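Novice: First the structure, which I've put down as structure tokens, then a few questions once you've had a look.
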Amino acid sequence: MSVQECALYGDLVLWLRDRAAELLAEAGEDSTVEAETARLDELIRSWFFTPQDELHGCAPRDLIWAEQMGKPNPVPVDRLDEFFFDDCPICQQTKAEVETAELEGREHGWQWHYDDGGYPLIAQYDPEGWDARWAEEEADFEAWQAEQEQQRETAPAPPYTPLPMESKQVDPETFLEVLQRPWLDPELHKVAGKLAGCCDVPVPGDRFGPGYRRLTRPEATSLVAGLHEQGVGVQALLAQIEAWPYQNVALDWLSEPEQNAAVICYALETEIDPDDEAELTRFRHHRDFIFALARLIPPGARLWLQGWLEAVAHGAFAAPDIPF
């Protein structure tokens, strides 16, 4: 939901309160607009402060103030069954770890997010506008697909043969760049080399979402150094990633596991054909893998990784990885 949409919905609530107060005052012999406004305000205030089942026992005010202060939504321990799947062994193990952390007074790192489920209030009252908005989105997507297809059909450029290098000397800027790289022990350098071959970095894309590119070696070295400094067991992280049976691992799975897992769970419930067992299994594997990664990245390291990915997206590691 957009910022302007949220603000306008707040205006809508107040407008409805004022109109309802006027109507109630007209219908009641001894009532006034001021009295009815106060009564409606009390109903609105009660809604803000009353815990709701669809919010996992939280009151709307709890989520609103937590979000404004940059805090995660609380995960009530007595409602963990609403967050973890019974048919998923990894989920049940994670649930037990959350319960243990709660009993010991430790931060367990789990959080959740509330949204409109992709179907906002305006869509209910303006279905024509909703259809027009998605028709334009679909037209843009089809045009993008056609452009991609045309690029695939275009004859490839002739092979390029670079001229032989006359000297192996390195310019001073590159020399200093290499000197400033994190100094790691050999094992961590090995981890960085392997992560550079199997991890992808999210980059700003078009209106259809972010794109991805392969993690470079200088970026991998910086990433391993930062995660190690944040207390992440990078050897365990590498072992988990190497066990992944599919292609590459997106690094935002590590930085924002809840959001990515929520998208996959939504697709499992609404988008995947219930009879397509292979596709269902593939999506479940993705869901369980993201949950497994989340256990290896503590909250502080996750926050650091979000900032690191933001820096990478703005070209913080543009220097090439030139060996000496």
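The values are calculated or read from the model by the stated rules, or taken from the named source; none is laboratory data. Keep in mind it's a predicted model, so treat the numbers as computed, not measured. Because the Cβ atoms are built from the backbone with ideal geometry, glycine has one as well, and the counts that use them run over all protein chains shown.
Novice: Taking the criterion of being in contact with a strand residue (DSSP E or B) (Cβ under 9 Å, 6 or more places away or on another chain), at pLDDT 65 or above and closer than 16 Å to Asn248 by Cβ, would at least one residue in the range 174-196 satisfy it?
Specialist: Yes.
Novice: OK, next. Using beta carbons and a limit of 9 Å, which pairs, at least six apart or on different chains, have the first residue in the range 255-272 and in contact (Cβ under 8 Å) with a residue 60 or more places away in the chain and assigned by TED's automatic domain parsing to the domain that holds Pro298 and the second one surrounded by 14 or more Cβ atoms within 10 Å (Cβ to Cβ) and among the aromatic types (Phe, Trp, Tyr)?
Specialist: Cβ pairs passing all conditions: Glu258/Trp110; Glu258/Trp112; Ala262/Trp112.
Novice: Between a residue in the range 89-103 that is among the β-branched types (Val, Ile, Thr) and at pLDDT 75 or above and any residue that is exposed (fewer than 13 other Cβ atoms within 10 Å of the Cβ) and not in a helix (DSSP H, G or I), which pairs come within a Cβ distance under 9 Å, given they are 6 or more apart or on different chains?
Specialist: Thr100/Arg106
Novice: Further question: Checking Val75 against (1) closer than 27 Å to Gln240 by Cα; (2) of a type in the set (A, V, I, L, M); (3) modelled with pLDDT of 75 or more, only one condition comes out false. Which one?
Specialist: Among (1) closer than 27 Å to Gln240 by Cα; (2) of a type in the set (A, V, I, L, M); (3) modelled with pLDDT of 75 or more, the lone unmet condition for Val75 is (3).
Novice: Got a sec? Which helices (runs of 4 or more DSSP H) wholly within the range 51-153 have at least 2 residues that are loosely packed, with under 11 Cβ neighbours inside 10 Å and of a type in the set (S, T, N, Q)?
Specialist: 127-153
Novice: Can you name every one of the helices (runs of 4 or more DSSP H) wholly within the range 206-263 that holds 3 or more residues which are surrounded by fewer than 19 Cβ atoms within 10 Å (Cβ to Cβ)?
Specialist: Fully inside the range 206-263 and qualifying: 217-229, 234-242.
Novice: Of everything in the range 61-103 that's of a type in the set (Phe, Trp, Tyr) and outside the structural domain of Ile44 (by TED's automatic domain parsing), which residue is nearest to Leu268 (Cα to Cα)?
Specialist: Looking only at the range 61-103, we keep the residues that are of a type in the set (Phe, Trp, Tyr), and these are 65, 83-85.
After this cut, where a residue has to be outside the structural domain of Ile44 (by TED's automatic domain parsing) as well, the list is 83-85.
On the way: Phe83: 15, Phe84: 15, Phe85: 13 Å.
My answer is Phe85.
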